[in-house]
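The values are calculated or read from the model by the stated rules, or taken from the named source; none is laboratory data. Everything numeric in this text was worked out from a predicted model, so none of it was measured. Methodologically, a virtual Cβ is constructed for each residue, glycine included, from the backbone with ideal geometry; neighbour enumeration extends over all protein chains shown.
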Amino acid sequence: MRIGVIGLQGAVSEHIEITKTAMKKLGISGNVVWVGRAKDLENVDGIIIPGGESTTIGKLMKKVGIFDAVQKLGRDGLPILGTCAGMIVLAKHGDEQVERTRQPLLELMDIEITRNAFGGQRESFEADLEIPKMNAKNVRGVFIRAPAIKRVWGGAEVLAEFNGKIIAAKQENMIAVAFHPELTTETWLHEYFLKACRDRKNGGVS
Ligand code: GLN
């Protein structure tokens with residue numbers, strides 16, 4: 001299996017490491033690659049868009065020429081995991097911050113996001129989360145200038161809420177979470193994602 005982590009800005013190496021650990025735990029052989037140009041996306045079975053600064057990530061994806069390719073792969077059903085800024089990049093609609101910065105969105109998920117929904121850097125926090133829909137009990141959520149999902153429609157399904165805000169959603173093979181699982185030692189989310197990648201790979205390209 002080959003998983004690509006969009007490696008233009010943000011928590012890239014953390015995602016690569018934790019994905020490798022999750023692969024080992026699941027007994028999946030394969031590699032996790034740093035995606036910096038279109039060629040790196042060849043034959044990937046899943047893509048991770050990390051947390052960081054969504055404005056920068058989106059604009060750099062355009063600049064290095066991978067934006068359209070990732071969008072097409074997502075539309076074709078390739079599993080994509082977006083965490084924090086990655087969640088924003090996956091969204092179909094943003095807020096006034098998104099409009100002001102004219103940051104490009106992949107528009108792959110039927111979700112509307114609010115950037116910095118929990119406040120700024122000083123309002124960053126950690127919390128224990130229960131996400132029954134993902135079989136996750138008492139997992140650590142690290143929220144850093146985290147976004148939230150204002151609403152979902154169409155094919156998107158809410159997976160988790162925290163303090164009255166939607167913090168995780170799913171649409172077909174795409175998963176978006178507002179927090180940073182790669183900054184903990186817990187592999188639950190990456191295992192969940194890798195299982196989706198494995199299922200799709202085994203089921204062939206459809
Ligand atoms: N606030 C950032 C943004 O809007 C996301 C923060 C993060 O990824 N930790 O892009």
* **Selection count, segment 122-148, where residues are in a strand (DSSP E or B) and of a type outside the set (S, T, N, Q)** => 15
* **Residue in segment 95-113 that is farthest from the ligand (Cβ to nearest atom), counting only those that are surrounded by fewer than 23 Cβ atoms within 10 Å (Cβ to Cβ), under 19 Å from the mean Cα position of the chain (by Cα) and without any contact (Cβ under 8 Å) to a residue 60 or more places away in the chain** => Glu107
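Listed here are the residues, each with its yes/no results for (1) within 16 Å of the ligand (Cβ to nearest atom); (2) of a type in the set (Lys, Arg); (3) on the phi > 0 side of the Ramachandran plot.
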| residue | (1), (2), (3) |
| --- | --- |
| Gly52 | yes, no, yes |
| Thr56 | yes, no, no |
| Ile66 | no, no, no |
| Gly77 | no, no, yes |
* Asked: Among the strands (runs of 3 or more DSSP E) contained in segment 1-63, which hold 1 or more residues that are under 23 Å from Asn202 (Cα atoms), out of contact with any helix residue (DSSP H, G or I) (no Cβ under 7 Å at 6 or more places or on another chain) and charged (D, E, K, R)?
  -> 2-6
* Asked: Restricting segment 65-121 to residues that are part of a helix (DSSP H, G or I) and under 21 Å from Leu183 (Cβ atoms), which is modelled with the lowest pLDDT?
  -> Gln121
* Structure fact -> Within segment 118-152, residues of a type in the set (Gly, Ala, Ser) and either without any contact (Cβ under 8 Å) to a residue 40 or more places away in the chain or more than 9 Å from the ligand (Cβ to nearest atom) (or both) come out as Gly119, Gly120, Ser124, Ala127, Ala136, Gly141, Ala148
* Asked: Filter segment 153-165 for residues that are of a type outside the set (Gly, Ala, Ser) and away from the ligand (no atom under 16 Å from the Cβ); which is surrounded by the most Cβ atoms within 10 Å (Cβ to Cβ)?
  -> Leu159
* Asked: Looking at Ala11, is it modelled with pLDDT under 95, within 14 Å of the ligand (Cβ to nearest atom), under 15 Å from the mean Cα position of the chain (by Cα) and among the aliphatic types (A, V, I, L, M)?
  -> yes
